[in-house]
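The values are calculated or read from the model by the stated rules, or taken from the named source; none is laboratory data. Quick caveat, the model's predicted, so the values are computed rather than measured. Because the Cβ atoms are built from the backbone with ideal geometry, glycine has one as well, and the counts that use them run over all protein chains shown.
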Amino acid sequence: MRRKRNRQSRPETGTPDMYGDFARVYDRLMADVDYDAWAEFYHGLLSASGVPEMGTVLEAACGTGSMTVRLARRYRVLPGDLSGEMLTLAADKARGQGLDLNFLCQDMRCLQAHRPVDAVISACDGVNYLLGEGDLRRFLRTANSVLKPGGAIAFDISSAQKLTKVLGDRPRIQKEKDICYFWENRWNGRSRRLLMQLSIFIMRFDGAWDLIEETQTQRAWEKEEIIRALRAEGFSSIRCDIGRDFSPSAHKGQRLHFCAEKPKDVNG
């Protein structure tokens with residue numbers, strides 16, 4: 001058995017790669033997610049905020065590009081992520097669907113674009129990985145800076161209920177023919193952070209097993225904290241929808257979806 005170790009990398013540290021070897025198995029672990037429905041949901045949010053079809057959408061923390069390729073059916077997408085491994089997989093996925101996209105290696109707290117964009121999106125827990133209020137505010141501030149006046153921001157988070165009641169302090173084991181993972185969680189109520197430690201065994205073609213060890217931390221954000229930060233960074237028309245998690249095992253209340261607008265009158 002060959003052993004591989006991937007160190008934890010938190011957004012607050014600025015370490016260049018958060019996922020490393022974990023990118024190899026990310027899509028397998030997310031196989032039950034209905035990305036088509038999720039992308040359609042985002043389309044509804046953006047349409048309600050006046051974002052036009054084929055408008056330019058900056059996608060922060062795009063991961064392996066599962067949402068990217070779906071958004072690209074309706075928008076001109078500028079996807080970005082801090083993980084080089086994730087971006088490589090995302091670019092391969094896009095090329096496989098005949099898409100010519102420009103992937104950006106950038107921290108979601110320091111968003112940049114050559115021209116102002118119509119919308120900023122961050123799906124699938126990206127904001128949960130922002131562990132401090134300063135990180136959250138920097139994400140929102142730079143998102144505001146790249147948006148056109150009247151542009152929209154949309155993102156989702158796993159709710160505090162999900163992190164504390166569903167995931168917190170509950171180990172999980174999943175075994176398939178060629179992959180097995182052990183997932184241990186520890187909830188810290190004082191810091192409102194969930195530490196997730198995963199040990200993932202992957203069978204190679206020769207029958208031997210690779211081991212990937214991954215440690216991640218998510219912050220439980222309350223609805224009011226997010227809304228307060230959006231207002232502080234100049235957003236208006238803030239909406240929050242308590243929606244489902246787009247996977248068969250999840251229930252209403254496990255995910256919060258936010259959408260807000262940059263005022264057309266940027267001075268007011």
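Scanning the range 207-246 for residues that are among the aromatic types (Phe, Trp, Tyr) and closer than 30 Å to Lys148 by Cβ, we see that the one that is modelled with the lowest pLDDT is Phe246.
For residues that are acidic (Asp, Glu) and either part of a strand (DSSP E or B) or loosely packed, with under 15 Cβ neighbours inside 10 Å (or both), tally how many sit in the range 98-156.
Of the range 98-156, the ones acidic (Asp, Glu) are 100, 107, 118, 125, 133, 135, 156.
Add one more test, that the residue is either part of a strand (DSSP E or B) or loosely packed, with under 15 Cβ neighbours inside 10 Å (or both), and what stays is 100, 118, 133, 156.
Count: 4.
Among the residues making up the range 72-93, those that are surrounded by fewer than 24 Cβ atoms within 10 Å (Cβ to Cβ) and assigned to a helix (DSSP H, G or I) are Gly84, Glu85, Leu87, Thr88, Leu89, Ala91, Asp92, Lys93. Going through the range 34-72 one residue at a time, which ones are within 30 Å of Trp209 (Cα to Cα), under 13 Å from the mean Cα position of the chain (by Cα) and in contact (Cβ under 8 Å) with a residue 60 or more places away in the chain? Hits for the range 34-72 are Tyr35, Ala61, Gly63.
Candidates in the range 29-50 are the residues that are assigned to a loop (DSSP other than H, G, I, E, B) and touching a Phe, Trp or Tyr at 6+ places or on another chain (Cβ under 8 Å); of these, the one that is surrounded by the most Cβ atoms within 10 Å (Cβ to Cβ) is Val33.
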